[in-house]
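**Q** The structure that follows is given in the form of structure tokens.
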């Protein structure tokens with residue numbers, strides 16, 4: 001993926017740990033300024049691509065963990081790409097024109113986006129099946145990048 005000149009890069013975090021096949025990115029504690037609250041009070045979604053300041057892609061977020069106010073990301077690169085050789089404390093960036101975020105309000109909701117033939121919420125047994133199916137799809141996406 002190559003970014004064009006209209007891409008708006010914003011700091012996503014810094015490399016805090018380097019492992020054999022991935023990097024841990026520390027997004028830092030989000031600031032609570034009212035002006036930038038909408039940009040910093042959420043974590044970047046999984047499968048988002050991170051970049052160097054030169055707009056060169058370095059990998060994809062495969063997992064998000066920690067608090068929404070201070071998230072960490074597991075960054076991996078596809079097998080077809082060589083290790084991006086990031087050093088500790090290197091800054092990585094996200095493309096704000098294509099960024100997707102985890103919204104705190106979505107984390108504490110009950111229910112699903114699925115329904116039965118009568119347009120009712122599925123029961124607990126059906127809900128567990130739906131969640132397992134989503135896990136299979138996410139694992140297949142991860143396998144392509146591992």
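The values are calculated or read from the model by the stated rules, or taken from the named source; none is laboratory data. This is a predicted model, so every value here is computed, not measured. FYI the Cβ positions are ideal-geometry reconstructions off the backbone, even for glycines, and counts take in every protein chain you see.
**Q** Taking residue 1 as the residue in question, decide whether it is under 19 Å from residue 84 (Cα atoms) and at pLDDT 90 or above. Full working, then the answer.
**A** On the way: under 19 Å from residue 84 (Cα atoms): yes; at pLDDT 90 or above: no.
Spelling it out, it is not the case that residue 1 is under 19 Å from residue 84 (Cα atoms) and at pLDDT 90 or above.
**Q** Ok, one more. Are any of the residues in region 49-64 surrounded by 14 or more Cβ atoms within 10 Å (Cβ to Cβ), farther than 20 Å from residue 100 by Cα and either touching a strand residue (DSSP E or B) at 6+ places or on another chain (Cβ under 9 Å) or modelled with pLDDT of 90 or more (or both)? Don't jump to the end; show me each part of the working.
**A** Residues of region 49-64 surrounded by 14 or more Cβ atoms within 10 Å (Cβ to Cβ): 49-52, 55, 57-64.
Those still in the list that are farther than 20 Å from residue 100 by Cα too: none.
No: region 49-64 contains no residue that is surrounded by 14 or more Cβ atoms within 10 Å (Cβ to Cβ), farther than 20 Å from residue 100 by Cα and either touching a strand residue (DSSP E or B) at 6+ places or on another chain (Cβ under 9 Å) or modelled with pLDDT of 90 or more (or both).
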